[in-house]
Structures are given as structure tokens and as C-alpha cells.
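Q: Next up is a structure, given as C-alpha cells.
The values are calculated or read from the model by the stated rules, or taken from the named source; none is laboratory data. This is a predicted model, so every value here is computed, not measured. All Cβ positions, glycine included, derive from the backbone under ideal geometry; neighbour counts span all protein chains shown.
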Amino acid sequence: MGKTLAEKVWEDHVVRRTAGEPDLLYIDLHLIHEVTSPQAFDGLRLTNRKVRRPDLTLATEDHNVPTLDIDKPIADPVSRLQVDTLRKNCQEFGVRIHSLGDVEQGIVHVVGPQLGLTQPGMTIVCGDSHTSTHGAFGALAFGIGTSEVEHVLATQTLPLAKPKTMAINVEGTLKPGVTSKDIILAIIAKISTGGGQGYVLEYRGSAIRALSMEARMTICNMSIEAGARAGLIAPDATTFEYIKGRPHAPQGADWDAAINYWQTLKSDDDAVFDKEINLNADELSPFVTWGTNPGQGIPLNEVVPSPESFQDIEERTAAERALVYMDLAAGTPMKNIKIDTVFLGSCTNGRIEDLRAAAAIIKGKKVASNTRMMVVPGSARVRLQAESEGLDKVFLDAGAEWRSAGCSMCLGMNPDQLKPGERSASTSNRNFEGRQGKGGRTHLVSPLVAAATAIRGTLSSPADL
Amino acid sequence: MEKFTSHSGTGIPLRRSNVDTDQIIPAVYLKRVTRSGFEDGLFAAWRNDPDFVLNQPQYKSATVLVAGVDFGTGSSREHAVWALQNYGFKVVISSRFADIFRGNSLKGGLLTVILPQSEIEKLWVAIENNPAMTIAVDLESKTVAYENERISFDLDDYTRWRLMEGLDDIGLTMRNLGDVEKFEEKRANFKPKTLPVLS
């Protein structure tokens, strides 16, 4: 029997296998940031341990950092201490860090791929659940907790139980105005937030193969929202083209050796997945969430669902609670929902292609008078690239705010937060209660829907303009 | 890590599904650089509601949290485990846990027990009828016992052994560093390194 892609990458990284124990897996790249690493470095100091492979480790500052006045010290003393702690730890343990103000600073999942450090067939971990993003390159990439961060720092390995595999086949062609964000929101609505639990997802099919790397990253990024620790896509010419020439891409003979290996990284024809799910891309339309978990989503042209429409008692209770929190009445057309803040950014949709797509919609138009739009590039490089293309002008002329790079309003650890009762259309990944600020209400959308919504002030698709 | 063999305490019924880690501890509480002091952030938003179960006096000293399906979804923050432990919880029972949260809990010595949803419902009712009722969770026999009930749960032998011995994973891996070195010798040359910095 053949192997799935996930199984191949797994098997290539087993350092030690003993009956009755989890496999010990080698980690090719460890990304760290300020929030989930300080206690791990403390652990190393307490036990007199070193970072085993600083040359396979990279730190960025992203969760806490302000997106305004980045040349000044961070105003919040607690945030500042956390960022300073990361800087000190990196210096003490010899870890490369890209700090605020550095041209390579940005959200850790945007920085890794753009430096060419994310490559097919690697194992990549980070103390952040959206590490699944890197799976877009055919890497096995997943989020870990702080105890595991310490484990990887000390040993460059992790003991892990082998996950099951699930194929998600997306065949067909997306209609104009429909994006990879709509694909993943539709998948999560279909299998629920627990559906991928215990699995590595492999996204396959003609609709996936047709996507750019940026669009593939958006899909893999939200695997965790379906409960799966990792999601991946077989590398192909699109992947190789994206990597080629980036700072850490293999060179010369190494490039040829890498390509030879990367081309073997696909599920064998006779591989058997533990589960398969099918989705028809032809039938998809722009998707949006109405509730307080990412599985509570529907097509934008539908109405807020009634809790009674859910057969499952847990789902019905959750829907009732969500409608109260979101202050929505069943039966309301989604497109009638007024939006206070549009957030364009995050590790899900803060890449150059996302900004270009939104700018193309916004160009020459104005953000609605009662709506605020915040554009936060995923990295300093993305910001510079956008500025070189004049996208900053497009957003500023429309009345949107143009910010510096970071996680920003995706989770509101910095000052970029919703006020209680405020409602956002957000290109990020989580619509949990209070995620974007205490009492804030979040609708997850694609960059195209975000742009159209900013112009109309109500949830909209570009077709509504 | 402290050894975990068994725990007896009172329970608290959290009748909610999909309790994500942003609810367990909101992001604004994650800025500390220590492992302690996170109890103030535990369920911070929900605790503003005086009727929320954690605010009800009969559950004040509970150490066993019994929650709805899909507990611990979302962010990988281990602070969620620390917040539960700092507050005083020793055991969380649910019919399904998110993978990362479950891994974090079992590494940190917070026992997460999976029981069928039907058993969760019975346990909720029993706790609500008698908040002072003792729930005994035993790792040796892998059982949860209360009143006349005794329910078995599953936990792989390796994790159970590690919890009962109070062993930390890093120490265990350190014993096998020779295997890691051997693996590194045959790693492909084309794999990227973060150092030296290339541009």
C-alpha cells in the first residue's frame, strides 16, 4: 500500500521509534515569538540547557507589537517587557531575531515563507496554532505549546503520536469573486470545528492545484479551525517557482537535489486516507461567519440561520448563545448586517496578494462614512512591496488606515482592538467571543468581501458594488 | 512535574461546548513571562456575569471541571493550562478535547479525561444536585467514580506512566541524544538554516 504525503514527511523525520512510545520526530525549523517562548527559555536556564540548534531557529516579534509609532518604545509596559524578554533570550542563546523596525520583521508565518525558510518536506513547529500555514509548501507544520517549545529548543525533536490522515478533495473551478478563504470557511462549516481533530488534512483536487502559494497558505492556515493540527498541499511547479531565488532557497547543486526530493512528495495513487471529504468548487460563493466559532459560517447571500434548524442539541445551544452574543436575529439577511470596522491583515490574509486583491476593489472608491478600515500588512516586506506598487495610496485615498506589520487586531494583544459591542468584518481566522477586543463581534471574510464591505458599510461581495 | 496518581475533589459543571482557549484565557492576559499568576484571567469575560458557574458559591472549591464537547479549541497557548491549574483545577473532563490543548495539559500535569457525552450529562446533573459530591479520578485504574458510578476512561500507557512517575519529556529525550546525533548526520544538505543570515 502506498503512503500519503503526510506519512512520507513523517517517516522521513523519525529519529527513534519504540513500541509503546510516541515517535521521536526531528524538527527542521523552529519559529518563535514573544508570547509563547519566555517560560520555555526560563526552563532552559533552570536546567542549564542550551538551544541545541540555533541555526534551525528563528524569532520574530509579532503578537504584541504596535502598528503605529513603531520607532518609539512600546507604550504598554507589560507588552514591552515581553518583547524585551524575547530580545534578551535570543541574545543569550544565540537565536536569530527580527525585531520591530527590522525589514524582515513581521508575522512569523509570513516571514518564514518569504525568506525561503519554509520548504517542502520539512517539519516546522512554532508556539502558535497557525503554524499549519506552512503546510501549503508540503511541509508538516503544526502549533505547539510552551512545554513543547522548550523541548524543541533543548533537543530539536518532539515526541508525537502519529496522526490519522484526511483527504479534502476540492474539484472544479472557483467563480470570480470566490477565493481560497471561501473554500476553507466552507470546509470548516461542513466538518465543524472538531471534524479534523486527530487528523492531518491534505487539500487536493483541481481547485487546489490552481491556487497561488498565497491562496494555499490561507487554506492551510485555518486547518486548526477545523480541529486539525496540520494541513498540507503537495508541492508542485507553483511551489518551486515561489521558493526559487528567495534568500534561503537551495542554490546550485543543492537546488537540483532539493527538486528531486520535493518531486517525490505527493500521496501515492494507492495511498489510503483514514477519511475523505469532497467539495465542489463550482458551487462555492463568498462565505462569511455569523456566529462565535469558525464553523458557524454560511454563504454571504443567505440569512442568519435559526437555532431550530440544527438537529444536534449541542449545536443548537451553541447557535442560541452565538446569536445573543452577536446580537443577531435569525432570518436577517447577512448582507443587511452593518459593519463598524473592517480589518484586512493577519497570517491568514495579510500577504501581498491579499492586499492587491482588496486594493483592486477599493481603488477610486471611498470607505463608507460609518465604517473604519484598517489595513495591516503581514510583514515589513509586504508593506514595502505594497508601497512600491502604490497600494498604500489606494487605501489611504479611500479613507482606510495604513499600518505597520504585526498580528494586530486578529487577536488584539496590542492597542488594535474592537470596543465592546463593535462589529468587524475581518480577514483573520477566529470569530471567538472577545477575540478582537472584549465584547467585540467578528465576522470572518475574504479580502474581497472585506474591501466590498468597507465601501458599502454592510457585509457585501464585490458583485454588490 | 508533580506525580499524578489519583485525585478526589468536588466538581463544577460548565455546560458549554466549543470552549476555545481565548475564552479560557483572553489574549490580553498572555503578556506575563512567568508560569504563575494566570488565575485572574481564567474565563475572564464570562466571570463578569455574576451567574457564571465559577461565581456560584457552591462550586467555590471545585477542582474537577466538567465541560461540554470540544474543550480547548483554537490558540495553542499553554497559558490556558496554567490558568486552570493556577486557579486550582486538577482534572478537566469532556467528551472531546482539541489536540494541542490536550497535549499541553498532559505535559503539564493537568489530567484531561475523555468520557462519552452521555456520561458528561449524567455527571452534570449529579454535581448540580449535590455540589459537595466527591469525584474520584484514579489513573492507576483509569476510572472516574462518584456516588455509585464508576466509569472507565482511556489513556495511552506511555502518557499514563509519565504522569504517574512525574517525568518530564525533555529529560526522557535527553537520554536518547545519540539517536538525534545519528539522525543529524544523514540530514540532507539542502535543508535550510537560519544562520548565517542570508539576504
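Q: Just a yes or no: is a residue in the stretch B:155-172 more than 8 Å from every other protein chain (Cβ to nearest Cβ), more than 30 Å from A:Ala253 (Cα to Cα), outside any helix (DSSP H, G or I) and modelled with pLDDT of 95 or more?
A: Yes, the stretch B:155-172 contains a residue that is more than 8 Å from every other protein chain (Cβ to nearest Cβ), more than 30 Å from A:Ala253 (Cα to Cα), outside any helix (DSSP H, G or I) and modelled with pLDDT of 95 or more.
Q: Scan the stretch B:104-114 and tell me whether some residue there is at positive phi and either of a type in the set (Gly, Ala, Ser) or crowded, with 22+ Cβ neighbours inside 10 Å (or both).
A: Here is the first cut: in the stretch B:104-114, the residues at positive phi are B:109.
Of the ones still in play, those that are also either of a type in the set (Gly, Ala, Ser) or crowded, with 22+ Cβ neighbours inside 10 Å (or both) are B:109.
Yes, some residue in the stretch B:104-114 is at positive phi and either of a type in the set (Gly, Ala, Ser) or crowded, with 22+ Cβ neighbours inside 10 Å (or both).
Q: For the stretch A:242-256, check the following and say yes or no: at least one residue is assigned to a loop (DSSP other than H, G, I, E, B) and either within 27 Å of A:Tyr199 (Cα to Cα) or touching a Cys at 6+ places or on another chain (Cβ under 9 Å) (or both). Lay out the reasoning, then the answer.
A: Going residue by residue through the stretch A:242-256, those that are assigned to a loop (DSSP other than H, G, I, E, B) are A:244-251.
Still in the list and also either within 27 Å of A:Tyr199 (Cα to Cα) or touching a Cys at 6+ places or on another chain (Cβ under 9 Å) (or both): none.
No, every residue in the stretch A:242-256 fails to be assigned to a loop (DSSP other than H, G, I, E, B) and either within 27 Å of A:Tyr199 (Cα to Cα) or touching a Cys at 6+ places or on another chain (Cβ under 9 Å) (or both).
Q: Of the residues B:Leu123, B:Leu110, which single one is hydrophobic (A, V, I, L, M, F, W, C) and in contact (Cβ under 8 Å) with a residue 40 or more places away in the chain? Before you say what the answer is, go through the steps one by one.
A: Values: B:Leu110 fails: in contact (Cβ under 8 Å) with a residue 40 or more places away in the chain.
Answer to the selection: B:Leu123.
Q: Output the residues belonging to the stretch A:115-138 that are closer than 27 Å to B:His79 by Cα and hydrophobic (A, V, I, L, M, F, W, C). Before you say what the answer is, go through the steps one by one.
A: The first filter runs over the stretch A:115-138 and keeps only residues closer than 27 Å to B:His79 by Cα, leaving A:123-135.
Listed by number, the residues that qualify are A:Ile124, A:Val125, A:Cys126.
Q: Could you grab me the full set of residues in the stretch B:80-100 that are part of a helix (DSSP H, G or I) and facing chain A (nearest Cβ under 8 Å)? If you could, list the steps in order and put the result at the bottom.
A: Let us first name the residues in the stretch B:80-100 that are part of a helix (DSSP H, G or I), namely B:80-87, B:99-100.
B:Val81, B:Asp99, B:Ile100 - these are the residues of the stretch B:80-100 that are part of a helix (DSSP H, G or I) and facing chain A (nearest Cβ under 8 Å).
Q: Conditions: (1) surrounded by 24 or more Cβ atoms within 10 Å (Cβ to Cβ); (2) at the interface with chain B (Cβ under 8 Å from one of its Cβ atoms). A:Ala136 meets all but one. Number of the miss?
A: Single failed check for A:Ala136: (2).
Q: So, one more: Which count do you get for residues in the stretch B:10-42 that are within 11 Å of chain A (Cβ to nearest Cβ) and of a type in the set (Gly, Ala, Ser)?
A: 3
Q: In the stretch A:1-44, what residues are closer than 19 Å to B:Gly171 by Cα, of a type in the set (Val, Ile, Thr) and either assigned to a helix (DSSP H, G or I) or under 21 Å from the mean Cα position of the chain (by Cα) (or both)?
A: A:Ile27, the sole residue that qualifies.
Q: Specify which of the listed residues (B:Ala132, B:Ala136, B:Ala126) is modelled with pLDDT of 95 or more, crowded, with 18+ Cβ neighbours inside 10 Å, more than 14 Å from chain A (Cβ to nearest Cβ) and touching a strand residue (DSSP E or B) at 6+ places or on another chain (Cβ under 8 Å).
A: Values: B:Ala132 fails: crowded, with 18+ Cβ neighbours inside 10 Å; B:Ala136 fails: crowded, with 18+ Cβ neighbours inside 10 Å.
Answer to the check: B:Ala126.
Q: Given (1) small (Gly, Ala, Ser); (2) touching a residue at least 60 places away in the same chain (Cβ under 8 Å); (3) assigned to a helix (DSSP H, G or I), where does A:Ala386 come up short, assuming only one miss?
A: The number of the failed condition is (2).
Q: Examine the stretch A:64-71 for a residue that is more than 27 Å from the chain's Cα centre (by Cα) and either hydroxyl-bearing (Ser, Thr, Tyr) or under 30 Å from A:Arg204 (Cα atoms) (or both), and state whether such a residue exists.
A: no
Listed here are the residues, each with its yes/no results for (1) away from chain B (no Cβ under 14 Å); (2) of a type in the set (A, V, I, L, M, F, W, C).
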| residue | (1), (2) |
| --- | --- |
| A:Lys275 | yes, no |
| A:Leu284 | yes, yes |
| A:Glu302 | yes, no |
| A:Ala318 | no, yes |
| A:Cys347 | no, yes |
